[in-house]
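In what follows, a single structure is set out as structure tokens and then discussed.
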Amino acid sequence: MNRNLRIVSFVSAALLLPTIGWQFISYYSSSGNLKYDITDLGKVAPCDINNLGQVVGFSIPNADEIRPFLWDLEKGMTQLETLGGGNGWAWEISDTGLIAGWVDDASGNSNAVIWNDEGEIETVGSGEMKKSIGFGINDLGIAVGLAINRDGTSQVFLMDATAAFRVPSRFPHVGGHARDINNRGQVLVTWGDSEGKRHHSLWTEGDDPLEIVTDLKIDPTALNNVEQVAGDIYLYPRTYCAFIWDVTHGLRNLTLDWRGNSRASGINDHGQVVGLLEKPTIIPFGQLKGFIAHSFDSVFGTDFSVKLAKNWEKGFLWDDGKLYDLSEIVSSSSPDWEMIWGASDINNRGQIVAQGEIDGEIHGVLLTPIEESVNPASKVPNEASESE
């Protein structure tokens, strides 16, 4: 189908929306009694939440600045220490308050760091590498991530407060990174072999990697403490869907009933997954300018094209085979919030960090289950072998 036909098909579908009541995007389970208290974190992008309710992420004060932060209920917002370059990003926080991420040095190169819960840098590491980024950290303070060699190739790395930054000898070849690490010491790793083939595995130092999947192109993004992995399956160009994987059940698609793309970004020890839903990829809505957007507005009313764009992405919660639209749940809890965009993480208490829209502005939000609702925190953590 050529580009013009895709645009015509998209416009035709839009013309049908009022008659079908937007049902082509309504493939969620009913929110039922699920309700959340909403905490406004301000103009930030939260990336991770631990089981104590502490949140880390970044803010963008202006176009040239990225600042890492730590938030908790008692202390509020704390700006994390940076180096000469000023910029930084906090990716993950452990239950012991240690934080993994990166900061720029005075030369503008990114360096993986570990912060303590006071926001102070404890460990900086790039070794002989040009750059490094810390993605994950466990309660023992072992951080993992991506290292960039001076020739631009990537490798897996580990570091902690006492050991030097190191590339594991098990992964000597380029083309890899470690995305997460759990309290068992299992590392979620993507790595390249001597033939240049990419693998996605769970790996513990001293053992051989446990392959997650061999016949699909995937992007594993999160690992819990009961050997479950969440991530994205790439089906064909610009088409992807969220998955959960464990040894017993293999890889499962979480959004079979969703007629569009989905990405998983966080998983807790109950096997609950959060992420982002996108409408069917026909053409990026950002390309619908001029005549197309004007046509929508003239037919359906002023700013219809803007409203359509706002419905392009939604945060989701997947729980025990059911898919929930976080915007739907939140709007019933607090009508001031217009939309919940992609959710970043969920802890074992069922608290979710995401971004939401209020008064036309995008803010970071913390969603906490209300006790009298169906509370995910009431569950007993899964063992992977007992999950659905």
Response to the item:
If we keep only residues of the stretch 170-186 that are within 17 Å of the chain's Cα centre (by Cα), within 21 Å of Asp269 (Cβ to Cβ) and not small (Gly, Ala, Ser), then the residue surrounded by the most Cβ atoms within 10 Å (Cβ to Cβ) is Ile181
Item to complete: Could you grab the pairs with beta carbons closer than 7 Å, sequence gap of 6+ or different chains, first residue in the stretch 208-227 and closer than 17 Å to Arg263 by Cβ, second one surrounded by 18 or more Cβ atoms within 10 Å (Cβ to Cβ) and of a type in the set (Lys, Arg)?
Response: Pro220/Arg179; Thr221/Arg179
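Yes or no, residue by residue, for (1) at pLDDT below 95; (2) among the hydrophobic types (A, V, I, L, M, F, W, C):
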{"site": "Arg6", "(1), (2)": "yes, no"}
{"site": "Lys35", "(1), (2)": "yes, no"}
{"site": "Asn87", "(1), (2)": "yes, no"}
{"site": "Ile93", "(1), (2)": "no, yes"}
{"site": "Gly97", "(1), (2)": "no, no"}
Practice prompt. Please report, ordered by residue number, the strands (runs of 3 or more DSSP E) entirely within the stretch 212-330 with at least 1 residues that are out of contact with any Gly (no Cβ under 8 Å at 6 or more places or on another chain) and modelled with pLDDT of 85 or more.
Written response: 217-223, 229-236, 239-246, 250-253, 261-267, 313-319, 322-325
Discussion item. Looking at the structure I just gave you, is Ile142 within 19 Å of Val189 (Cα to Cα) and either buried (at least 22 other Cβ atoms within 10 Å of the Cβ) or polar (S, T, N, Q) (or both)?
Written reply: yes
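Residue-by-condition table, conditions (1) in contact with a strand residue (DSSP E or B) (Cβ under 9 Å, 6 or more places away or on another chain); (2) of a type in the set (S, T, N, Q); (3) under 23 Å from Thr78 (Cα atoms); (4) crowded, with 22+ Cβ neighbours inside 10 Å:
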{"position": "Asn116", "(1), (2), (3), (4)": "yes, yes, yes, no"}
{"position": "Gly119", "(1), (2), (3), (4)": "yes, no, yes, no"}
{"position": "Gly134", "(1), (2), (3), (4)": "yes, no, yes, yes"}
{"position": "Asn138", "(1), (2), (3), (4)": "yes, yes, yes, yes"}
{"position": "Ala147", "(1), (2), (3), (4)": "yes, no, no, yes"}
Worksheet item: Does any residue of the stretch 239-252 turn out to be aliphatic (A, V, I, L, M) and surrounded by fewer than 22 Cβ atoms within 10 Å (Cβ to Cβ)?
Response: yes
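Could you run through the stretch 334-361 and say how many residues are β-branched (Val, Ile, Thr) and over 18 Å from the mean Cα position of the chain (by Cα)?
Of the residues in the stretch 334-361, 1 are β-branched (Val, Ile, Thr) and over 18 Å from the mean Cα position of the chain (by Cα).
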Discussion item. Consider the stretch 145-169. How many of its residues are farther than 16 Å from His199 by Cβ, of a type in the set (A, V, I, L, M) and within 24 Å of the chain's Cα centre (by Cα)?
Written reply: 4
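Could you list, in sequence order, all residues of the stretch 43-90 that are assigned to a strand (DSSP E or B), of a type in the set (A, V, I, L, M) and over 18 Å from the mean Cα position of the chain (by Cα)?
If the condition is that a residue be assigned to a strand (DSSP E or B), of a type in the set (A, V, I, L, M) and over 18 Å from the mean Cα position of the chain (by Cα), then Met77 is the only one that fits.
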Fill in: Within the stretch 104-121, considering residues that are part of a strand (DSSP E or B) and hydrophobic (A, V, I, L, M, F, W, C), the one nearest to Gln54 (Cα to Cα)
Trp115
Worksheet item: Out of all the residues in the stretch 161-205, which are of a type in the set (Gly, Ala, Ser) and free of Cβ contacts under 8 Å to residues at least 40 places away in the same chain?
Response: Ala163, Ala164, Ser169, Gly175, Gly176, Gly192, Ser194, Gly196, Ser201
Worksheet item: Are any residues in the stretch 58-97 of a type in the set (D, E, K, R) and closer than 17 Å to Val365 by Cα, and if so, which ones?
Response: Asp72, Glu74, Lys75, Glu92
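Yes/no matrix, rows are residues, columns are (1) touching a strand residue (DSSP E or B) at 6+ places or on another chain (Cβ under 8 Å); (2) crowded, with 17+ Cβ neighbours inside 10 Å:
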site	(1), (2)
Tyr36	yes, yes
Asn50	yes, yes
Gly53	yes, yes
Pro61	yes, no
Asp64	no, no
Pro68	yes, yes
Discussion item. When the residues of the stretch 78-114 are narrowed to those that are farther than 22 Å from Asp345 by Cβ and among the charged types (D, E, K, R), which ends up surrounded by the most Cβ atoms within 10 Å (Cβ to Cβ)?
Written reply: Asp104
Fill in: Among (1) aliphatic (A, V, I, L, M); (2) touching a Cys at 6+ places or on another chain (Cβ under 7 Å); (3) more than 23 Å from Leu158 (Cβ to Cβ) - the single one Val44 does not satisfy
(2)
Worksheet entry | Selected residue (criterion: farthest from the chain's Cα centre (by Cα)) from residues of the stretch 122-132 that are farther than 19 Å from Val55 by Cα and surrounded by fewer than 18 Cβ atoms within 10 Å (Cβ to Cβ) | Glu128
Practice prompt. Scan the stretch 339-388 for residues that are charged (D, E, K, R), at pLDDT 70 or above and either in a loop (DSSP other than H, G, I, E, B) or surrounded by 16 or more Cβ atoms within 10 Å (Cβ to Cβ) (or both) and jot them down.
Written response: Asp345, Arg349, Glu357, Asp359, Glu371
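The values are calculated or read from the model by the stated rules, or taken from the named source; none is laboratory data. This is a predicted model, so every value here is computed, not measured. Counting neighbours? That spans all protein chains shown, and the Cβs are built from the backbone with ideal geometry, glycine included.
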